[in-house]
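Report on the structure given below.
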Amino acid sequence: MRIAASYIPIFVARIGSGASAFLVVKLASGGNLEAGVVLASYPFLEAIGALIAGRWSDTLGRKKTLVIGYVVRSVAMLLLAWAFYTRGTPWLEALLNGVIGLTTAFILTSSLAMATDLTEVRNRGLGMGGFEFINLASYGVGYLLGSALYSALHGPSAYLVVALFTAAATPLFAKFLSETRPAAPEEGRLLFSVLPPSALALLPVWFALTSIIGMAMYAPRILRVGDASHGAVQHIVGRLGENLVVGLLFIGALALLGAGAIIFGRLADRWGRVKTFRLGLVGGLAALAVLNAALHTGLGPVEAIAVTAPLLFLTSAIGPSILALIGDEADIRYRGTVMGIYSVVLGLGIGVGSLLSGMVATVFHSSEINGIAAAALAVYASMTAVHIALSRTYNLAIRETAAIRAG
């Protein structure tokens, strides 16, 4: 029951984040490149916030760090809604969106540390899979909510609704959520000095995966589902509207990844962390290759993603296996600091993906989606090569931590 309660803050936060991601890219001032900058400010500042949040969650407390993050985040979201109403500059919008990302890291890192506190080696893969499911599924629900609000309200009012929801939800968990562990000594170390050795080899793959998420978040800016689709899909777009269909497409992909996170999290406990991670690594590479091939043959985005879905499902093995491996090896005194790496890489990856998408969309005027898909494959393949090179060059053996500790 306590492990389920630890998921509540991230559930509420990610609904707001998902809705915000859709609405910000639609409402941002300026052209494609400026929209990419506004969108990217959130994840980049989230990465910086994780460096602070991990430390605070250990020394100040998980719950206090969470509440601070939520209060400041709510204020920043209300100010961003005001900026959209007054048609502020892209730089003001980027600043406020960055503050929202910074404080979201407090929520994400503390919630993840709580979930890690409440699991043991024998069930940590499942616990991390549950965290990933809530993280992805609630983000998808928020994204669909954002698309629906934009379809209904057509402007800044849609973002104001999301900001008010976030502010109103804060007391729901601030009162009932309990602390999971005592504060660590103040002389604790910083994030990169307490990372387990295996993290260095694993993080390039995690960066690649989050970069692709950033590219997907940018897609509503340039995606024209109806123009590129045929038959039943075109009929659905005509009935529901393009914005809502994009939201449904996004939540469908995240629901698939979230369900896979639970299944592969349990597999990581039973079959092994490393084997599960490698299964996801190969699945991701195959998924992106098939997606590019499908788009190149003329399939629309919806049809191409449907063809790719089984391989996309395998990709969901990466997240829970990496989190379980790092969580197993983390020093319990500085677990919050170590788990902050999740938000650091998540923020950097999504930020790079958002900026890269803006650049690709600016260059490829008539084939933006094909260009972004090709960029995603290039990033993933290059980061996979870096992962392999690091493992071989520095002899970083990624151990089956669950088996070692169980024995």
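Restricting region 65-136 to GluC sites (Glu not before Pro) that sit in a DSSP loop and have at most 12 other Cβ atoms within 10 Å of their own Cβ leaves 120. Between region 258-283 and region 101-155, the C-alpha centres lie 19 angstrom from each other.
Of 70, 143, how do they rank once you tally other Cβ atoms within 10 Å and put the fewest first?
Details: 70 25, 143 30.
Lowest to highest Cβ neighbour count: 70, 143.
Once the gyration tensor of the Cα atoms in region 276-325 is diagonalised, the equivalent ellipsoid follows with semi-axes of 25, 9, 6 Å, ordered largest first. Within the listed set 337, 393, 180, the Gaussian network model of the chain (springs between alpha-carbon atoms below 10 Å) gives the highest mean-square fluctuation for 393. Normalised by residue number, the volume inside the convex hull of the Cα atoms of region 8-133 is 98 Å³ per residue.
State which stretch of the chain is the longest one without any exposed trypsin sites (Lys or Arg not before Pro), exposure meaning a DSSP loop state and at most 16 other Cβ atoms within 10 Å.
Numbers: sites that count: 87, 175, 189, 224.
My reading of the result: 225-407 is the longest stretch.
Can you give the FRET efficiency to the nearest 0.05 for residue 270 and residue 296, using r as the Cβ-Cβ distance and R₀ = 45 Å? Provide the component values of the computation, followed by the final result.
Working: r = 38 Å, r/R0 = 0.85.
The calculated FRET efficiency here is 0.70.
For the chain, the membrane-span-like helix rule (DSSP H, alpha carbon extent of at least 24 Å along the helix axis, mean Kyte-Doolittle at least -1.0) picks out 8-27, 32-59, 62-85, 90-117, 124-153, 156-174, 199-218, 242-270, 273-296, 335-363, 368-393; this says nothing about an actual membrane. Estimated from the Cβ-Cβ distance and a Förster radius of 41 angstrom, the FRET efficiency linking residue 64 and residue 164 is about 0.95. Summing charges over all other residues whose Cβ lies under 14 Å from the Cβ of residue 104, with Lys and Arg as +1 and Asp and Glu as -1, gives +1.
Bear in mind that the values in this text are calculations on the coordinates, not laboratory data. Just so it is clear, the model here is predicted, and its values are computed rather than measured. All Cβ positions, even for glycine, are placed from backbone atoms using ideal geometry, and neighbour counts span all protein chains on display.
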